[in-house]
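The block underneath contains the structure these notes are about, expressed in C-alpha cells.
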Amino acid sequence: MSHANDTATRPSLSFEFFPPKDDAGIDRLMSGTASRLSAFDPEYFSVTSGAGGSTREGTQALVEKLVRSGANAVPHLSVGGSTDAEVGRLVEHYRNLGIQRILCLRGDQPSDGNQHAVFARDLVEQLHQRFPGQFELSVAAYPEIHPDSASAEEDMRYFAAKVHAGASSAITQYFYSPDAYEYFMERCEKAGVHIPVHVGVMPITNIDSLQRFSAKAGADIPRWLSKSMAGYADDEKGLVSFGVEVVTNLCEKLLTMGAPGLHFYTLNRWGASSQICRNLGFPEH
Ligand code: FAD
C-alpha cells in the first residue's frame with residue numbers, strides 16, 4: 001500500500017495500552033505486546049487512565065517503564081475527580097521524565113453518579129498556561145458525535161474550544177463508517193479548525209466486548225457488520241481474520257482520504273493490530 005510505504009508521506013502510527021493491574025502484568029506487556037509492536041517503529045505508545053484518575057498509579061508505572069525502555073510514551077490525563085494541584089504535580093513528574101505529549105481528557109464519568117463539572121477544554125487551558133510550549137496537547141474527537149452532545153454543531157463547538165485553548169492534535173473515537181470521518185473533517189474545515197485528526201482504530205476480536213464497549217462509548221457498529229460478526233459467534237479465529245480484513249479496508253479508505261495517522265486501541269494485544277499494519281504496508285523492523 002503506497003501510503004504506508006512512502007517514507008515522505010507515511011502516516012503516523014501509535015498504539016494504546018491500558019495499565020495492567022500489577023508489576024508482573026506490566027512486565028508481560030512490555031516483553032510481549034509492546035516489544036512486538038515496537039517493530040513498526042510507532043511514533044508513541046499511549047497509556048489510558050481510568051475514570052476519575054482511578055488507575056493513576058498504574059498509568060504512571062507503565063509510562064515510566066515505556067520511557068525507560070527507550071519508547072515515546074503519551075499519558076492520557078483525565079481531569080475529572082482531581083484537584084488542579086494534583087494534576088500539576090503529575091504533569092511536572094511527566095515533564096521530568098521527558099514526556100513531550102499528553103492526551104487531555106475529561107474522562108469517562110464515574111459509575112458512582114458523581115458527574116464531573118469540568119471538561120477537557122479546562123485541562124488543556126490549565127496545561128497550556130502552566131507549562132507553556134512544554135508539551136504537545138492532544139484531545140479526543142468524535143466523528144460520530146460524543147454521546148453527551150445534543151447535535152453535531154454543539155459537538156464541533158466544544159471540539160473547537162479545545163483547539164482554541166491550546167490543543168494541537170486529536171485522536172478520534174473509533175468508528176467503522178468512513179463517511180463519519182469525512183463529514184467530521186468537513187465540519188472542522190467550516191469551523192476553521194486545522195489540526196491533524198488521527199484515526200482511532202479498534203480491531204475486531206471479540207463480539208461481546210466490542211458491542212458492550214461500543215454501546216458505552218456511543219460508537220456505531222453498522223448493521224451489516226454486526227450481522228456479519230454474528231456469523232462468527234463460535235469461530236474466534238474466523239472472526240479475527242474477518243475483522244482484520246474489514247479494518248484493513250477501513251484504514252485504507254481513511255488513509256486515501258488523507259487521515260494523517262492511525263492510533264490503535266490494542267486492548268494490550270498485538271495480533272490483530274500488527275496484522276492490519278502489515279496489510280497496510282507499514283514496514284516491520
Ligand atoms: P470533553 O471534550 O470535555 O467533552 C465531553 C462532553 O461534554 C462532550 O459531549 C462535549 O460536547 C461536552 N462539552 C464540552 N464542553 C462543554 C461545556 N463547556 N458545556 C457543556 N458541554 C460541554 N476515558 C478515560 O476515562 N480514560 C482514558 O484514558 C480515555 N482515553 C481516551 C482516548 C481517546 C482517543 C478517546 C477518543 C476517548 C478516551 N476516553 C478515555 C473516553 C473519554 O474520556 C470520554 O469519551 C469522555 O466521556 C469525554 O471525554 P472528552 O475528553 O472527549 O470530553
Query raised in the report: 222 nm [θ] for the chain, helices only, -39500 (n - 2.57) per DSSP H run of 4+, per residue, to 500?
Result: -13500 deg cm²/dmol
**Report entry** Cα→Cβ-extended label distance, 7 Å offset, between A191 and L97, nm
**Finding:** 3.0 nm
Report task. Check each of the GluC sites (Glu not before Pro) in segment 242-285 and keep only those in coil by DSSP with at most 13 other C-beta atoms within 10 angstrom; list them in order. Result -> E284
Requested in this report: Please calculate how many Å² of accessible area the chain carries per residue, with a 1.4 Å probe and no DNA, RNA or ligand atoms counted.
Outcome: 48 Å²
Query raised in the report: Relative contact order of segment 174-282: what whole-number percent is it, with Cα pairs under 8 angstrom and at least 6 residues apart?
Result: 40 percent
Report summary line: Within the set S209, S168, S274, GNM on the chain using Cα springs under 10 Å gives the largest fluctuation to S209
Query raised in the report: Say R0 is 30 Å: what FRET efficiency, to the nearest 0.05, do H285 and D23 get from their beta-carbon distance?
Result: 0.60
Query raised in the report: If only Cα atoms are counted, what is the Rg of the chain, and what is its Dmax, in Å?
Result: 18.2, 53
Report summary line: A 1.4 Å probe over the protein heavy atoms gives segment 2-279 a carbon and sulfur accessible-area percentage of 47 percent
Report summary line: Summing +1 per Lys or Arg and -1 per Asp or Glu among the other residues with Cβ less than 14 Å from P147's Cβ gives -4
Report task. Select from the chain the helices, each a whole stretch of DSSP H, whose alpha-carbon atoms run 27 Å or more along the helix axis and whose Kyte-Doolittle mean is at least 0.0; answer none if there are none. Result -> 236-256
Query raised in the report: How large is the dipole of segment 2-279 about the Cα centre if only Lys and Arg carry +1 and Asp and Glu carry -1, each at its Cβ, rounded to the nearest 20 debye?
Result: 380 debye
Query raised in the report: Just how much of T248 is accessible, in Å², when a 1.4 Å probe is used and the result is rounded to the nearest 10?
Result: 10 Å²
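The values are calculated or read from the model by the stated rules, or taken from the named source; none is laboratory data. Quick caveat, the model's predicted, so the values are computed rather than measured. In this analysis, Cβ positions are derived from the backbone assuming ideal geometry, glycine residues included, and neighbour counts consider all displayed protein chains. These accessible areas exclude ligands, DNA and RNA; they are computed on the full protein's heavy atoms, side chains included. Shrake-Rupley method; radii C 1.70, N 1.55, O 1.52, S 1.80 Å.
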